[in-house]
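The values are calculated or read from the model by the stated rules, or taken from the named source; none is laboratory data. Everything numeric in this text was worked out from a predicted model, so none of it was measured. With ligands, DNA and RNA removed, areas are computed over all heavy atoms of the protein, side chains included. Shrake-Rupley method; radii C 1.70, N 1.55, O 1.52, S 1.80 Å.
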Amino acid sequence: MLSRVANSIYWMCRYIERAENVARFIGVNLNLLLDMPAEKEKQWSPLIMTTGDQELFEKKESTYNEETVMWFLTFDRQYPNSILSCVAAARENARTIREVISSEMWEHLNQFYLELITEESIKMAVQDPHRFFHIIKMRSHLFTGLMDCTMSHGEAWNFARIGMMIERADKTSRILDVKYFMLLPQANLVNAPIDNIQWIAVLRSTSAFEMYRKELHQITPHNVANFLIFNKQFPRSIYHCLSKAQVCLHRITGSPQGAATNLAERRLGRLMADLEYTDIDEVIGSGLHEFLDDLQSRLNLVGGAVGTTFFNIKPLSEAATNEQEQ
């Protein structure tokens, strides 16, 4: 496979996953507004924290409120991680590799973009945001289903899955980090009703609430963090995402599990080994924020290593890699 094709399908799926996660964050926050005190800046600023783009937002806007944050994250064409920008980038990548993906995938993604840029979409986002962001999520899920059902599970599909899983693991870590480290710094509110509401929102942000309650009944920070980081069955946990990415990576290279023949395998294998031999008590004891911050940096390095190994992209400095991956 040409490195250009592999790069395009990898980023196509990263962008679709990123757009879905942004829609997921906003949708859950809209529901959270119904239960939380009316401190609007505190309710909307965590969404920007999740993206890691506070500096870029504050260059464009002076206040954090529903209007400015939703426009920035949804329709701002100058912001590269807005939903519209991500869908446009995914569509452009798909356009260049139409001979590799199925016609159903291309038609769906093209229609997704064309509907998103209409005035009707902007009106719906303002007048009925719950419905609008639900549609965004469903379109992303449909694209993933089409990819699994209409595309051969060869090299191209494995590159797509790697991109999707790395992006999903990164966003799960950011959701958890914002809640644990930034959203509720007051120790006197821990285990209060408002705290439980926010932890439920964290679970809903990752579609984990129902699966969590089937396995664990009580909502506690310890159990939520353990579920979202280390659960091996839940498809949005960090461990599960990275284990699936690792399987796809070895399918591409043909190297056996446990072996490492290139930089991407070494970095991802080392990260998986650390997760395998770490538990939540150790993580919380050493600092959950520090653990998640280090994890995000290492995920950026894994993404950079995939580019260096397979896409003929020259390695960047760590700081530049972090900026590109965000």
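With a 1.4 Å probe and all protein chains in place, put Ser140, Ser207 in order of accessible area, largest first.
Result, largest first: Ser207, Ser140.
Mind grabbing the base-10 log of I(q)/I(0) for the chain at q = 0.10, 0.12 Å⁻¹? Debye formula, identical points on the C-alpha positions, no solvent, two decimal places.
-0.57, -0.84
Could you grab the Rg to Rh ratio for the range 97-250? Cα atoms only, Kirkwood for Rh. Mind dumping the intermediate values first?
Details: Rg = 18.3 Å, Rh = 17.7 Å.
Result for the range 97-250 is an Rg/Rh of 1.03.
Considering only Cα-Cα distances, which of the following residue pairs are longer than 26 Å: Lys179/Lys232; Lys60/Lys244; Lys123/Lys171; Lys137/Lys171; Lys123/Lys179; Lys59/Lys137?
Long pairs (Cα-Cα over 26 Å): Lys60/Lys244; Lys123/Lys171; Lys123/Lys179; Lys59/Lys137.
Probe 1.4 Å, all protein chains in place: accessible area of Lys60 in Å², nearest 10?
Roll a 1.4 Å probe over it and Lys60 shows about 80 Å².
Which whole-number value in Å² is the accessible area per residue of the chain, probe 1.4 Å?
Details: 14860 Å² over 326 residues.
Value returned for the chain: 46 Å² of accessible area per residue.
Largest first, how would Arg18, Arg251 line up by accessible area (1.4 Å probe)?
Values: Arg18 10, Arg251 140 Å².
Ranked from most to least accessible, the order is Arg251, Arg18.
Rounded to the nearest percent, how much of the accessible area of the range 1-121 (1.4 Å probe, protein heavy atoms only) is carbon and sulfur? Mind dumping the intermediate values first?
Numbers: 2550 of 5330 Å².
Of all accessible area on the range 1-121, carbon and sulfur atoms account for 48 percent.
For the chain, what is the relative contact order in percent, using Cα pairs closer than 8 Å and at least 6 residues apart in sequence?
Values: 381 pairs, mean separation 69.6, N = 326.
Averaging sequence separation for qualifying contacts and normalising by length gives 21 percent for the chain.
Can you give me the three principal axis dimensions of the range 1-87 from its C-alpha atoms, in Å, biggest first?
53, 27, 18
If you average the sequence gap of Cα pairs under 8 Å that are 6 or more apart and divide by the length of the range 216-267, what percent do you get for the contact order?
Numbers: 30 pairs, mean separation 8.7, N = 52.
Result for the range 216-267 is 17 percent.
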